[in-house]
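Structure first, then comments.
The values are calculated or read from the model by the stated rules, or taken from the named source; none is laboratory data. Here the structure is a predicted model, which means the values were calculated and not measured. Please note: Cβ atoms are built from the backbone with ideal geometry, for glycine as well, and neighbour counts cover all protein chains shown. All accessible areas refer to the heavy atoms of the entire protein, side chains included, with ligands and DNA or RNA removed. Shrake-Rupley method; radii C 1.70, N 1.55, O 1.52, S 1.80 Å.
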Amino acid sequence: SMVSKLKKDEYNDTLGFIEYDLEKARELLDDAGWVDTDGDGLRDKTIDGKSVPFSFDLNFMGGNQTTENTCLLIQESLSKIGIECKLNSMDFSAFYQTAYKQDFDALMGAWSESAGYTDPVQLWHTDSWKNKGANFCGFGNDYSDSLITTYNATMDKAKRDELLKALQAEVYNYQPYVFLHSNHRKVAIHKKFLNRNLY
């Protein structure tokens with residue numbers, strides 16, 4: 001999810017868990033016309049009169065074994081349903097250069113979230129796509145933008161929570177990201193600080 005479950009007031013717990021289901025994926029791909037017409041093991045589809053194989057590059061930052069292993073698992077799963085996922089290990093600079101230039105097929109990355117207020121504009125507003133910001137996937141529409149704008153202009157916490165839950169539902173409906181996991185970190189806070197609330 002785009003919001004940590006630990007932020008209980010802001011977390012939309014009405015959205016169902018999306019199952020890992022290769023058989024369902026096969027059915028959806030078949031229904032969309034992606035089938036293996038030439039028997040090479042890869043799904044393909046005729047687009048503008050040309051046979052196009054279902055093949056794409058997955059960019060990721062090299063050097064992290066967990067990330068590399070996750071990418072290998074994704075590649076293996078997709079190969080089982082006739083999709084070629086070519087892994088492209090990149091250094092930090094090249095990875096973000098292609099991301100901000102919007103010059104990629106798919107990315108494997110991670111975002112960190114603050115315990116306090118987080119402005120959704122950077123990741124989710126269409127202006128952040130138009131201006132080549134961090135909305136790398138190009139998510140958004142007039143409705144989601146209005147939720148973000150209203151959220152940022154609203155002081156009432158309960159109303160803000162409802163707006164953020166509605167934005168989560170919109171992200172869930174379009175699935176611009178595949179959220180894989182969220183890591184927990186151990187943090188020590190000195191007892192001299194009162195009203196501690198860390199996420």
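Computed from backbone phi, the HN-Hα couplings of segment 66-80 come to 5, 4, 4, 5, 4, 4, 5, 5, 4, 4, 5, 4, 5, 5, 5 Hz, rounded to whole numbers (Karplus: 6.51 cos²θ - 1.76 cosθ + 1.60, θ = phi - 60°; Gly and Pro given as x).
Considering only alpha-carbon pairs that sit under 8 angstrom and 6 or more positions apart, the relative contact order computed for segment 86-147 is 25 percent. In the context of the full set of protein chains, residues of segment 1-77 present 67 Å² of accessible surface per residue (probe radius 1.4 Å, heavy atoms only). Modelled label positions at residue 186 and residue 40, each set 7 Å beyond Cα in the direction of Cβ, lie 5.2 nm from each other. Computed in the context of the full set of protein chains, the accessible area of segment 144-194 at 1.4 Å probe radius has 57% of its extent on carbon or sulfur. In order along segment 83-94, phi translates into HN-Hα couplings of 10, 9, 10, 8, 7, 10, 6, 9, 7, 3, 5, 5 Hz, rounded to whole numbers, per the Karplus curve 6.51 cos²θ - 1.76 cosθ + 1.60 with θ = phi - 60° and x for Gly and Pro.
Calculated mean residue ellipticity at 222 nm for the chain: -11000 deg cm²/dmol, from DSSP H runs with n ≥ 4 weighted as -39500 (n - 2.57), summed, divided by the residue count and rounded to 500.
Holding the Cα-Cα limit at 25 Å, pick out from 24/50; 86/165; 45/86; 8/159; 8/186; 24/45 the pairs that are longer than that. Too far apart for the 25 Å limit: 24/50; 86/165. For segment 28-96, with all protein chains in place and a probe radius of 1.4 Å, 53% of the accessible heavy-atom surface sits on carbon or sulfur. Scalar couplings 3J(HN,Hα) for segment 16-22, obtained by applying the Karplus form with A = 6.51, B = -1.76, C = 1.60 to θ = phi - 60°, are x, 6, 8, 6, 7, 9, 5 Hz; x denotes Gly and Pro. Between residue 35 and 44, the built amide H atoms are under 5 Å apart, and every one of these is 5 or more places off in sequence or on another chain.
Proximity of backbone amide H atoms, modeled 1.01 Å from N, is registered between residue 106 and 57, 59 at under 5 Å, excluding neighbours fewer than 5 places apart on the same chain.
Averaging the sequence gap over all C-alpha pairs within less than 8 Å and six or more residues apart, then dividing by the number of residues, gives the chain a relative contact order of 20 percent.
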